[in-house]
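For reference, the structure is listed below as structure tokens.
The values are calculated or read from the model by the stated rules, or taken from the named source; none is laboratory data. Since the structure is predicted, the reported quantities are computational estimates derived from the model, not experimental observations. Note: ideal-geometry Cβ built from the backbone for every residue, glycine included; neighbour counts use all protein chains shown. We work out accessible area using only protein heavy atoms, side chains counted, and drop any ligands, DNA or RNA first. Shrake-Rupley method; radii C 1.70, N 1.55, O 1.52, S 1.80 Å.
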Protein chains: 2
Amino acid sequence: MSEVYGVRRDRLRDRCAAAGSTGVLVSRPANVRYLAGAVPPGAVLLLGPAEDVLLCPRTLAGDPAGGRPDERVRLSVLPSSAGDPAVAAAELARTAGESLAIEEHHLTVARHRAVSSVAPRLRLADLGLAVEQQRIVKDEEEIACLRIAAEITDQALGELLESILVGRTERHLALELERRLIDHGADGPAFPTSVATGPNSGRRGHHPTDRRVEEGDFLSVCVGADYRGYRCEIGRTFVIGTSPADWQIELYDLVFAAQRAAREALLPGAAYRDVDRAARQILSAAGHGEGLAPLTGHGVGLEIDEDPQLAPAAMGKLDACVPVTVEPGVHLPGRGGVRIDDTLVVRQEADGGPELLTITTKELLAL
Amino acid sequence: MSEVYGVRRDRLRDRCAAAGSTGVLVSRPANVRYLAGAVPPGAVLLLGPAEDVLLCPRTLAGDPAGGRPDERVRLSVLPSSAGDPAVAAAELARTAGESLAIEEHHLTVARHRAVSSVAPRLRLADLGLAVEQQRIVKDEEEIACLRIAAEITDQALGELLESILVGRTERHLALELERRLIDHGADGPAFPTSVATGPNSGRRGHHPTDRRVEEGDFLSVCVGADYRGYRCEIGRTFVIGTSPADWQIELYDLVFAAQRAAREALLPGAAYRDVDRAARQILSAAGHGEGLAPLTGHGVGLEIDEDPQLAPAAMGKLDACVPVTVEPGVHLPGRGGVRIDDTLVVRQEADGGPELLTITTKELLAL
């Protein structure tokens, strides 16, 4: 695995060198982890012409935590009194180069000022979203982690469905799911688990409340595991009780059709906005255009919400090996609604088309 | 409660006006919540001469989430396409004032640049840690929230101690504690719960592993509830089995003495560093000076780690109504250790001295 990190760093270094920067300071945690294999709390990564250094503050426990970095990165643990690792990095960069690319979208104004003042002759350039862009297409090792994260998530959700749900609160069901993720080997939940019942169902990002599951409810769940830093997402909607109402079946079928259309649009070369439109036009044609979420899906990886965004105004086209969610939904105020959410990997048609990672059934289950 | 937020905003506005700023842009979430009573995800607060506006992006669910703000703050929900609320705030501020104070320690370089470019004639000044400093001394309503958070935490911990512990993993015990926090009315854990057994015990911020509790172990737990945004912290160390070993009793008594000394030093007017020294010198005199954490305690409130820091180099003195943790510990590599951690509120001696919020016993329990 170690080689992978070196290759990633070299690619970034080459790109920055071509733009005139001799050093690169990476501070956004997911980017540090992507390039160094680990991210102790508060650590920053300095790519220099001579060596790569991971600078991290001595933690309160005394040792650096957060995993072991790639062995070809020098680990420098700063004394408690040393202050900001970014400043230490700038000091180091000053001796080696003339120009340092920094992440202006992550570094605060105050840190930027401190970096400038410790190395006033160092020219600071903007790295922009170079690392985030590099992270969009995943290698097979990253996809393997996502696949395991999805397996864990499917298992946890499957077990929950076998238990009695009526009378339990949204909060308890969410905690129960998170416990089961850990049971099955997750490092943690990929994001705060959402469980929504009755009138809350179908709301994206609903924060679980003390409302209890009742007969006749829609129950929508959105959950995902973090496995070795890689995060997936699944969303399903169920009906509680023996037989769904007509409006529930109709709404479910509609969202299912929209989600399938977007899944089928996931091919290398497809425009992000066209994937979004595939789902959006089906929901809009049925009169639900107004309240729709601003996106139909998004990339996943070391963060749960990465590029690309599958949204009406998004620019760009899908590549192979990009994992994304497809998660349309409709929420009817006061009544509830349906969301169906999968994590898939974009694949060439010759390779079988989009690879579905979250395989829990999408039939409308009555529980 | 609504009046409280207005008073807080007026105090900040007056302070900034005296420093020459006609507007204030607050972006750090805990600061926004402190001043507006709510913080929808991504929201920023603009204090202007004419009105106060909470600008937030339309969430993916369609509605702003994160609680209802103070009614005298105008809520402005931006359309999905509007981009950064900080930029929208700058645009608004441009019409009303000449100088805008911003949080340079929170705003990124990229946002700062976007703010400057939309309002190029607006003079940007640094607000610094003005809001954080205002947050140090709590009012009685804030302390009441912390008191409830501590009660919930004591209950959750008490229940765990009545269950069978041997054979269970650190991860499971941590999840169990978090579930019980929610059961008792917490909005969530105040920070990731730490459970450490055997050789892991006594390590500050230990991340729970799959190690199981064994007979003869030290078991140290650090947990806290979030109640209405207010976060407390308790840490206790127990012995598993019928009778602790001599070294365990000795170490426990030592840490207990250090913790008591620091608790007793908590009085208005006491220097932060003197509270730290009260605990540190006892542990150092016993030969444990080397591996100690860089601080003995810290403020708590809307964030779990606030000012003041009770540390050797900290400048400043305690005021009444400042809630802090007192949490010395010793960890012996390979053997384990002891941490004892309370949340207390600094009070005048005439008012009975420090008010202990976390009341779980500090006797060495053999479980």
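Please verify whether A:L46 is more than 14 Å from chain B (Cβ to nearest Cβ), in contact (Cβ under 8 Å) with a residue 40 or more places away in the chain and either open to solvent by less than 30 Å² (accessible area, probe 1.4 Å) or touching a His at 6+ places or on another chain (Cβ under 8 Å) (or both), treating the condition exactly as stated.
Working: more than 14 Å from chain B (Cβ to nearest Cβ): yes; in contact (Cβ under 8 Å) with a residue 40 or more places away in the chain: yes; either open to solvent by less than 30 Å² (accessible area, probe 1.4 Å) or touching a His at 6+ places or on another chain (Cβ under 8 Å) (or both): yes.
It is true that A:L46 is more than 14 Å from chain B (Cβ to nearest Cβ), in contact (Cβ under 8 Å) with a residue 40 or more places away in the chain and either open to solvent by less than 30 Å² (accessible area, probe 1.4 Å) or touching a His at 6+ places or on another chain (Cβ under 8 Å) (or both).
Report every pair of residues separated by at least 6 positions or lying on different chains whose Cβ atoms are under 6 Å apart, first residue within region B:96-119 and under 13 Å from B:D84 (Cβ atoms) and of a type in the set (D, E, K, R), second open to solvent by 40 Å² or more (accessible area, probe 1.4 Å) and modelled with pLDDT of 90 or more.
none
Could you list, in sequence order, all residues of region B:17-32 that are of a type in the set (A, V, I, L, M, F, W, C), under 13 Å from B:G97 (Cα atoms) and touching a Leu at 6+ places or on another chain (Cβ under 7 Å)?
In the first step, residues of region B:17-32 are kept if they are of a type in the set (A, V, I, L, M, F, W, C); the result is B:17-19, B:24-26, B:30, B:32.
Subsequent filtering for residues that are under 13 Å from B:G97 (Cα atoms) retains B:17, B:24-25.
Within region B:17-32, B:V24, B:L25 meet the criteria.
Where residues in region B:180-209 are of a type outside the set (S, T, N, Q) and more than 11 Å from chain A (Cβ to nearest Cβ), which of them is farthest from B:L283 (Cα to Cα)?
B:H184
So which pairs qualify, if the first residue must be in region A:230-248 and touching a residue at least 12 places away in the same chain (Cβ under 8 Å), the second must be assigned to a strand (DSSP E or B) and surrounded by fewer than 21 Cβ atoms within 10 Å (Cβ to Cβ), the Cβ gap must be under 8 Å, and the two must be at least 6 apart or on different chains?
Once the first residue is touching a residue at least 12 places away in the same chain (Cβ under 8 Å) and sits in region A:230-248, its partners that are assigned to a strand (DSSP E or B) and surrounded by fewer than 21 Cβ atoms within 10 Å (Cβ to Cβ) give A:F238/A:A366; A:V239/A:A366; A:I240/A:A366; A:G241/A:A366; A:T242/A:A366; A:S243/A:A366; A:P244/A:A366.
Please work out which residue is most open to solvent (accessible area, probe 1.4 Å), limiting yourself to region A:306-316 and to residues that are more than 9 Å from chain B (Cβ to nearest Cβ) and in contact (Cβ under 8 Å) with a residue 40 or more places away in the chain.
Residue satisfying both the conditions and the ranking: A:M315.
Looking only at residues in region B:266-290 that are surrounded by fewer than 16 Cβ atoms within 10 Å (Cβ to Cβ) and within 14 Å of another protein chain (Cβ to nearest Cβ), which one is modelled with the lowest pLDDT?
B:E290
Can you name every residue in region B:119-132 that is surrounded by fewer than 18 Cβ atoms within 10 Å (Cβ to Cβ) and over 19 Å from B:D14 (Cα atoms)?
Once the filter is applied, which keeps residues that are surrounded by fewer than 18 Cβ atoms within 10 Å (Cβ to Cβ) and over 19 Å from B:D14 (Cα atoms), region B:119-132 yields B:P120, B:R121.
Can you give me the number of residues within region B:163-179 that are open to solvent by less than 50 Å² (accessible area, probe 1.4 Å) and more than 10 Å from chain A (Cβ to nearest Cβ)?
Counting residues in region B:163-179 that are open to solvent by less than 50 Å² (accessible area, probe 1.4 Å) and more than 10 Å from chain A (Cβ to nearest Cβ) gives 6.
For region B:134-144, give me each residue that is in a helix (DSSP H, G or I) and surrounded by 20 or more Cβ atoms within 10 Å (Cβ to Cβ).
At the first step, the residues of region B:134-144 found to be in a helix (DSSP H, G or I) are B:134-136, B:140-144.
Within region B:134-144, B:R135, B:E142 qualify.
Give just the number: which of (1) without any contact (Cβ under 8 Å) to a residue 24 or more places away in the chain; (2) more than 11 Å from every other protein chain (Cβ to nearest Cβ); (3) open to solvent by 70 Å² or more (accessible area, probe 1.4 Å); (4) of a type outside the set (K, R) does B:P79 not satisfy?
(2)
Hey, any hits in region A:165-182 for a residue that's touching a residue at least 24 places away in the same chain (Cβ under 8 Å) and assigned to a strand (DSSP E or B)?
Scanning region A:165-182 turns up at least one residue that is touching a residue at least 24 places away in the same chain (Cβ under 8 Å) and assigned to a strand (DSSP E or B).
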